[in-house]
Amino acid sequence: MTKERTLVLIKPDGVQRSLIGEIIKRYERSGLKLAGMKMAVPTSEHIEKHYTVDPNWRRVTGEKTIKSYKEKGLAPPSEDPLAITAIILENLKKYIASGPVIAMIWQGVHAVKIARKITGGTEPLTSDVGTIRGDFVLDSYQLSDADGRAVRNLIHASGSVDEAEKEILLWFKPDEIINYRLVQDEILYDVNLDGILE
Ligand code: GDP
Ligand code: MG
């Protein structure tokens, strides 16, 4: 359980806003271990692969978007989930392929859920204060849809363990993932906490 891994991307807006250090600090201080890191300018083909590693992503994200329009009393741009995701995906490709990103693998118990908690909800307008998206960005679906672009939410963090495993394979070669011990692993995971007192 302590070796669960998740993929986190600092999207181009995070790099442009000089938030790389601030963002890394938030994951690092939780106790998660950095197991891989690189800077890259992704191609739009790579971004499409990234979002569609989960074969259900197009349908689920389309359905979620239609539901969120209706909850706000607004008419969705289409009733067809796949038509909606086609637009979202085009916007995501333009957004994330626009400049350098930082890709990271974070490892530790419940890494996927812990990283999602630190990251915050997808739409910055409603992300909780204390999360990265809640603290550092103020975008909304209302503004991004009106401007015909992806919502700028600074981060991608894998949504499930299965998604994480597939995404990590897409971003990292096996020899770019480092297995190592951290001194703090003992304090985080040891059952007896013996060996502290002299
Ligand atoms: P994440 O895992 O929190 O990034 O969210 P998802 O995987 O559900 O969605 C990926 C991306 O699709 C988000 O970062 C948004 O750019 C976009 N997206 C998701 N849901 C919606 C929505 O309801 N409306 C709009 N306009 N975009 C959305
Ligand atoms: Mg997602």
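The values are calculated or read from the model by the stated rules, or taken from the named source; none is laboratory data. Model, not experiment: these values are computed from the prediction. Please note: Cβ atoms are built from the backbone with ideal geometry, for glycine as well, and neighbour counts cover all protein chains shown.
Miscellaneous remarks
- Candidates in segment 134-175 are the residues that are free of Cβ contacts under 8 Å to residues at least 40 places away in the same chain and away from ligand 1 (no atom under 13 Å from the Cβ); of these, the one that is nearest to MET39 (Cα to Cα) is LYS173.
- Residue match in segment 41-52 (condition: among the aliphatic types (A, V, I, L, M), within 25 Å of PHE136 (Cα to Cα), under 15 Å from the mean Cα position of the chain (by Cα) and part of a strand (DSSP E or B)): no
- Check on ASP145, farther than 17 Å from SER44 by Cα, at pLDDT below 95 and surrounded by 15 or more Cβ atoms within 10 Å (Cβ to Cβ): yes
- Matching residues in segment 106-146 - criterion: being of a type outside the set (D, E, K, R), touching a strand residue (DSSP E or B) at 6+ places or on another chain (Cβ under 8 Å) and away from ligand 2 (no atom under 16 Å from the Cβ): GLN107, GLY108
- Take the conditions (1) more than 27 Å from GLY130 (Cβ to Cβ); (2) at pLDDT below 95; (3) within 16 Å of ligand 2 (Cβ to nearest atom); THR65 misses just one of them, which is (1).
- Note on segment 96-193: enclosed helices (runs of 4 or more DSSP H) holding 2 or more residues that are of a type in the set (Gly, Ala, Ser) are 111-119, 141-146.
- Near pairs, Cβ below 7 angstrom, 6+ apart or cross-chain, from segment 41-62 (closer than 19 Å to GLU165 by Cα) to any residue that is in a helix (DSSP H, G or I) and hydroxyl-bearing (Ser, Thr, Tyr): TRP57/TYR51; ARG58/THR52; ARG58/THR85
- Being within 16 Å of ligand 2 (Cβ to nearest atom) and not hydrophobic (A, V, I, L, M, F, W, C) is not true of GLU176.
- Scanning segment 3-27 for residues being surrounded by 14 or more Cβ atoms within 10 Å (Cβ to Cβ) and either among the small types (Gly, Ala, Ser) or free of Cβ contacts under 8 Å to residues at least 60 places away in the same chain (or both) gives a total of 1.
- Odd one out for THR85 among (1) away from ligand 2 (no atom under 14 Å from the Cβ); (2) crowded, with 17+ Cβ neighbours inside 10 Å; (3) of a type in the set (Val, Ile, Thr): (1)
- Look at segment 71-82: where a residue is within 13 Å of ARG59 (Cα to Cα) and a partner is surrounded by 12 or more Cβ atoms within 10 Å (Cβ to Cβ) and among the acidic types (Asp, Glu), sitting 6+ places away or on another chain with Cβ atoms under 6 Å, you get PRO81/GLU63.
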